[in-house]
Amino acid sequence: MTASVISAGPIPGTGRAAQGAIELRQVSKHYGDVVAVDELDLTVQPGEFVTLLGPSGSGKTTTMMMVAGFEEHTAGAILIDGKPVDTLPPRDRNLGVVFQNYALFPHMSALENVEFALRMRKVPRAERRQRAEEALDRVGLGKMGGRKPRQLSGGQQQRVALARALVFNPAALLLDEPMAALDKRLREQMQEEIKTLQKGLGISVLFVTHDQDEAMAMSDRIVVMRDGKIVQSGPPEEVYNHPMTDWVASFLGDTNLIPGTIVERNGEEAVVDLGGLGMAKVRDRGASGENYAVSIRPEHLKFRTRATAGNGCAATLVSSTNLGATVRHRLTAGGHDLQLRELSSDSAARIRPDEELWVGWDADKAQLLVLES
Ligand SMILES: Nc1ncnc2c1ncn2[C@@H]1O[C@H](COP(=O)(O)OP(=O)(O)OP(=O)(O)O)[C@@H](O)[C@H]1O
Ligand SMILES: [Mg+2]
């Protein structure tokens, strides 16, 4: 057996052994002809917050279920803190789990629900009560232990589920769309609470969402999945600003995709012929394929005066829509339809329809990528 690539050393500053490393090696899951997960290689370092992000059916839940031990993998190996867990039942994997459909027991109080996780793990009765109370305290529900789930709001129920997942001091948390049922405000509040808990406990988290904003806000690293495979992985800003394919770029939000021909590539930078938009210097992360395009996020496209123009060209304004905090301008330039987004406070009563416009962008905000579709 080969050694794990993850070393479980002490957590800096705590003297406590870092734990919660999760490693998937070439893991696949087939349901008959359906390939739900396809030779996945994935690691979560101790203390790291990793998010699986992908469209419906891309294999996120299946991946989580295999790590948790609720589903068996068809091929490959899963290791937790360097040890293969293939034969371990879920409760012996030392993972706290909150799944969207992993409901609380309706006939038990909040406190009893949390205690249940300890009962399952044969923790003595005397110790159980106190630990469950502490866990409820930690999620801000110390005073509500006596309530039944139906006497709690959706957000409070989610927090009980979180307390139940944390109470036995797991090595890692697996959270599969734990906030899908919550409204926007509660969701954002829970996001911050989960981040605070995670940092405080130094615990690693494998998180699932198909909400790109949530992924951006929470993660140390985003793993973008499609059809059971990883298509890109990296820190949020990198995946957002430097998508490797048009599919990743579009999945992570609005973008301008301008097809082009590579004229020159040298390491980090490329020169691309964008046809009507001229020659552009752009960032190059080494993506390789048959057809290329340049991706520029709408917020990175700027109105410019011709005098300051680097990358860019003349444009015609088609429409402007006020979206509250931002304004979206639709433009045509060099035969392309473009979107430019700016803060409402910066926005242009200054633009007049008859005015000649110039739009441009900074080279490090434009990314060369492979056109798949
Ligand atoms: N028990 C099953 N039997 C057959 N196919 C399954 C089973 N469970 C999942 N699948 C298939 O595996 C693929 C991945 O499903 P999975 O639930 O992992 O997707 P997901 O990324 O979690 O999607 P969502 O965002 O909708 O939750 C899908 O094509 C799904 O139909
Ligand atoms: Mg799912």
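The values are calculated or read from the model by the stated rules, or taken from the named source; none is laboratory data. This one's a predicted model, so the numbers in the text were calculated from it and none came from an experiment. When we count neighbours, we look across all protein chains shown, and the Cβ atoms used for this are built from the backbone with ideal geometry, even at glycine. Quick note on the areas: whole protein, heavy atoms, side chains included, nothing else; ligands and nucleic acids left out. Shrake-Rupley method; radii C 1.70, N 1.55, O 1.52, S 1.80 Å.
Some notes on this structure:
- Test: residue in the stretch 158-179 that is without any contact (Cβ under 8 Å) to a residue 60 or more places away in the chain, over 24 Å from PRO90 (Cα atoms) and assigned by TED's automatic domain parsing to the domain that holds GLN45: no
- Residue within the stretch 113-126 that is under 20 Å from VAL205 (Cβ atoms), of a type in the set (S, T, N, Q) and assigned by TED's automatic domain parsing to the domain that holds THR196 present: no
- Residues of the stretch 167-188 that turn out to be small (Gly, Ala, Ser), open to solvent by less than 60 Å² (accessible area, probe 1.4 Å) and either closer than 26 Å to ASP41 by Cα or more than 13 Å from ligand 1 (Cβ to nearest atom) (or both), as a count: 2
- Of the strands (runs of 3 or more DSSP E) contained entirely in the stretch 19-81, those carrying at least 1 residues that are closer than 19 Å to ASP227 by Cα and within 15 Å of ligand 2 (Cβ to nearest atom) fall at 22-31, 34-44, 49-53.
- Any pair with Cβ under 7 angstrom, 6 or more apart, that starts in the stretch 43-64 at a residue that is more than 14 Å from GLN19 (Cβ to Cβ) and ends at one that is open to solvent by 10 Å² or more (accessible area, probe 1.4 Å) and hydroxyl-bearing (Ser, Thr, Tyr): PHE49/SER219; VAL50/SER219; THR51/SER219
- Meets criteria (at pLDDT below 95, of a type in the set (Gly, Ala, Ser) and part of a helix (DSSP H, G or I)) for ALA103: no
- Test for GLU48: is it more than 8 Å from ligand 1 (Cβ to nearest atom), of a type outside the set (A, V, I, L, M), surrounded by fewer than 22 Cβ atoms within 10 Å (Cβ to Cβ) and under 20 Å from GLU214 (Cα atoms): yes
- Every residue from the stretch 335-355 that is at pLDDT 75 or above, open to solvent by 20 Å² or more (accessible area, probe 1.4 Å) and in contact with a Ser or Thr (Cβ under 9 Å, 6 or more places away or on another chain): GLN339, ARG341, GLU342, LEU343, SER344
- Inter-residue pairs, beta-carbon under 8 Å, first on the phi > 0 side of the Ramachandran plot and in the stretch 318-329, second surrounded by 10 or more Cβ atoms within 10 Å (Cβ to Cβ), 6+ apart: GLY324/SER344
- Of the strands (runs of 3 or more DSSP E) contained entirely in the stretch 261-373, those carrying at least 3 residues that are over 20 Å from GLU237 (Cβ atoms) fall at 269-273, 279-284, 311-322, 326-333, 336-343, 357-361.
- Scope the stretch 267-283; condition touching an Asp or Glu at 6+ places or on another chain (Cβ under 6 Å) and open to solvent by less than 10 Å² (accessible area, probe 1.4 Å); matching residues: ALA270
- Condition broken by SER219, with the remaining ones in (1) free of Cβ contacts under 8 Å to residues at least 60 places away in the same chain; (2) more than 16 Å from ligand 1 (Cβ to nearest atom) satisfied: (1)
- Odd one out for VAL224, checked against (1) within 13 Å of ligand 1 (Cβ to nearest atom); (2) open to solvent by 20 Å² or more (accessible area, probe 1.4 Å): (2)
- Near pairs, Cβ below 8 angstrom, 6+ apart or cross-chain, from the stretch 189-213 (more than 17 Å from GLN158 (Cβ to Cβ) and open to solvent by 70 Å² or more (accessible area, probe 1.4 Å)) to any residue that is in a strand (DSSP E or B) and not hydroxyl-bearing (Ser, Thr, Tyr): HIS210/LEU53
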